[in-house]
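Before any comments, here is the structure.
The values are calculated or read from the model by the stated rules, or taken from the named source; none is laboratory data. What you see is a predicted model, and the numbers here were worked out from it, not measured in a lab. Backbone-built Cβ (ideal geometry, glycine too); neighbour counts: all protein chains shown.
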């Protein structure tokens, strides 16, 4: 396929990415750490560049890797290994990948860092961490660590600790794209002993086209949702721009179906999302493919103990994704624990809060998350069975300024359910008997009238207008001010609704799922002075399967304190600027009576909303 084929698609993505330029690429990593000087006798490790050609799917790919060998480690004194790779758009040399390798090598681990398929100087097109392609390629690096295969120049690694003749003791760590590859690899290679996936996905169909209504399995619902066009176009641009970033690419990097550097099925998925249409056959194929390259479809094969770390400030891969993965692993008996840290794709990656894990600095011993990671690898790579790997669940509290910022819980969610009812007068009340009778209406326009975030601005640290909703295009319900002690919400709120939309009812049974109604649910914190904050700028798009029936929307999980005098405001909006929305104008009416009204359920760890 000639490179010219996909240029129109690339130009469209460039046009859509307002305020974003190739000068500031979307690399999901942290700032680059200066390269280590040439190794001296006193250096804690040496670094050797390797090329390893492997078969991945139907192609042969040359992997570009660096092995970090601690001083004193040899065949007579082997050490466990840590395998790591880059986030989307990065390489083995970017800030987090290089820093992680250095951090573990300095602590006595053999570290192997490599550029993922389609990135840096590694060959083959981008295949979205497909277990049958990317996972198989990583498995061949496990062979390298086992000493059962050599690098292309004949180098053999004979100094990695083993649990069997061809079974190296190896863990994996990395974030985002470098997180999902761990689960993909462990699903096809049970020699991997421990995983630490940071800020990664459970179901790409939910990540890029989320439907928070009618969850079928994993994080997402049964229908295609609202296209997350800003994030998706950002990734597409970075993938297609690899030829500009690396002008002398390996010819094996050429993609298919009209894309320069993505595999054909990924390209087809992008084309369908851009079309704004969801015909049944194509949509089913799209959902099947997106889930086939996602942990939701292969977690049953993952046996390696897994420490999940997910970010609260993350509209790309929200906390619900890690929760879905955690619940699946725990239910099948795979050792698993989960931490909700402060930073994610939408904030804090470049400048983590004080005391938080900073991948660029490798501050493992001085951060809560870092100490948990060291304990995890100590337990499962060094076989230190007495090591305490911590509680099942821990979460960062941004309101704590003096004392431990993390709270812990033996269960997920940590809090109990508290119900508030949607009253016809716009209030949230704690007693069904206080619900006022009434109906209110909103309607969408043919352009976005609500704003939650500029997705790329959040990651790149650029300006982003405050969230807003235009009058007449949303409905809201507000609680009474918090009285007494604060109210802490930890987990995913859920709302059960019934709406009326005759315009939707006329078209919702068409062969195109795009005709179904789309809503956007979200939670605000309203301060005593009236200022309102959209919690972490998170929204829950929901495509309603049938407007004649009740439906439930699971909002993105949060960790948030509503202080005394603050009020909780629940909003359903007709659109959002970061997502594609309704096709056609669809007025919506919500009616409340004490006998029949919407219910908002909150996972509260302390306090009471009335």
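Restricting attention to region 268-305, which residues are part of a helix (DSSP H, G or I), touching a residue at least 60 places away in the same chain (Cβ under 8 Å) and over 26 Å from residue 186 (Cα atoms)? Within region 268-305, 270, 271, 273, 274, 280, 283 meet the criteria.
Within region 484-500, restricting attention to residues that are at pLDDT 95 or above and in a loop (DSSP other than H, G, I, E, B), which residue is nearest to residue 586 (Cα to Cα)? Checked region 484-500; the qualifying residue nearest to residue 586 (Cα to Cα) is 499.
Scanning region 551-580 for residues that are closer than 19 Å to residue 206 by Cβ, in contact with a helix residue (DSSP H, G or I) (Cβ under 9 Å, 6 or more places away or on another chain) and assigned to a strand (DSSP E or B) returns 554, 558. Taking residue 39, is it more than 19 Å from residue 143 (Cα to Cα), touching a strand residue (DSSP E or B) at 6+ places or on another chain (Cβ under 8 Å), at pLDDT below 50 and part of a loop (DSSP other than H, G, I, E, B)? Taking the combined requirement at face value, the residue satisfies it. Filtered by the rule that a residue be outside any strand (DSSP E or B) and closer than 21 Å to residue 151 by Cα, region 77-101 gives 78, 80, 86, 91, 92, 93, 97, 98, 101.
Taking the conditions exactly as written (part of a loop (DSSP other than H, G, I, E, B) and in contact with a helix residue (DSSP H, G or I) (Cβ under 6 Å, 6 or more places away or on another chain)), does residue 231 satisfy them or not? Judged against the criteria, residue 231 is not a match.
Condition check: surrounded by 24 or more Cβ atoms within 10 Å (Cβ to Cβ), touching a strand residue (DSSP E or B) at 6+ places or on another chain (Cβ under 7 Å) and either assigned to a loop (DSSP other than H, G, I, E, B) or modelled with pLDDT of 95 or more (or both). Does residue 119 satisfy that? In short, no. Selection within region 538-550: residues that are out of contact with any helix residue (DSSP H, G or I) (no Cβ under 8 Å at 6 or more places or on another chain) and more than 17 Å from residue 222 (Cα to Cα). The member of this set that is surrounded by the most Cβ atoms within 10 Å (Cβ to Cβ) is 539. Within 20 Å of residue 325 (Cα to Cα) and surrounded by fewer than 24 Cβ atoms within 10 Å (Cβ to Cβ) - does that describe any residue in region 175-188? Yes: region 175-188 contains one or more residues that are within 20 Å of residue 325 (Cα to Cα) and surrounded by fewer than 24 Cβ atoms within 10 Å (Cβ to Cβ). Using beta carbons and a limit of 6 Å, which pairs, at least six apart or on different chains, have the first residue in region 393-405 and on the phi > 0 side of the Ramachandran plot and the second one assigned to a loop (DSSP other than H, G, I, E, B)? If the second residue must be assigned to a loop (DSSP other than H, G, I, E, B), no pairs are left. For region 368-391, filtering for residues that are free of Cβ contacts under 8 Å to residues at least 40 places away in the same chain and either within 20 Å of residue 314 (Cα to Cα) or in the same structural domain as residue 557 (by TED's automatic domain parsing) (or both) leaves 2.
Among the candidates 480, 521, 542, which residue alone is touching a residue at least 60 places away in the same chain (Cβ under 8 Å) and outside any strand (DSSP E or B)? Every option except 480 fails the conditions.
Scanning region 375-390 for residues that are within 16 Å of residue 172 (Cβ to Cβ) and either in contact with a helix residue (DSSP H, G or I) (Cβ under 7 Å, 6 or more places away or on another chain) or surrounded by fewer than 15 Cβ atoms within 10 Å (Cβ to Cβ) (or both) gives no hits.
This table checks each residue for (1) in a helix (DSSP H, G or I); (2) touching a residue at least 40 places away in the same chain (Cβ under 8 Å).
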| position | (1), (2) |
| --- | --- |
| 173 | no, yes |
| 178 | yes, yes |
| 184 | yes, yes |
| 187 | yes, yes |
| 211 | no, yes |
| 244 | yes, yes |
| 247 | no, no |
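Could you go through region 191-204 and let me know if any residue there is more than 30 Å from residue 335 (Cβ to Cβ) and surrounded by 23 or more Cβ atoms within 10 Å (Cβ to Cβ). Scanning region 191-204, I find no residue that is more than 30 Å from residue 335 (Cβ to Cβ) and surrounded by 23 or more Cβ atoms within 10 Å (Cβ to Cβ), so the answer is no.
When residue 78 is tested against the conditions (1) at pLDDT below 95; (2) surrounded by fewer than 21 Cβ atoms within 10 Å (Cβ to Cβ), the lone failure is (1). Among the numbered conditions (1) more than 19 Å from residue 376 (Cβ to Cβ); (2) modelled with pLDDT under 95; (3) touching a helix residue (DSSP H, G or I) at 6+ places or on another chain (Cβ under 9 Å); (4) surrounded by 23 or more Cβ atoms within 10 Å (Cβ to Cβ), the only one that residue 86 does not meet is (2).
The residue of region 581-605 that is farthest from residue 537 (Cα to Cα), among those that are touching a strand residue (DSSP E or B) at 6+ places or on another chain (Cβ under 9 Å) and assigned to a loop (DSSP other than H, G, I, E, B), is 594. Does at least one position in region 501-513 carry a residue that is in contact (Cβ under 8 Å) with a residue 24 or more places away in the chain and part of a strand (DSSP E or B)? Within region 501-513 (the criterion being in contact (Cβ under 8 Å) with a residue 24 or more places away in the chain and part of a strand (DSSP E or B)), the answer is yes, since at least one residue qualifies.
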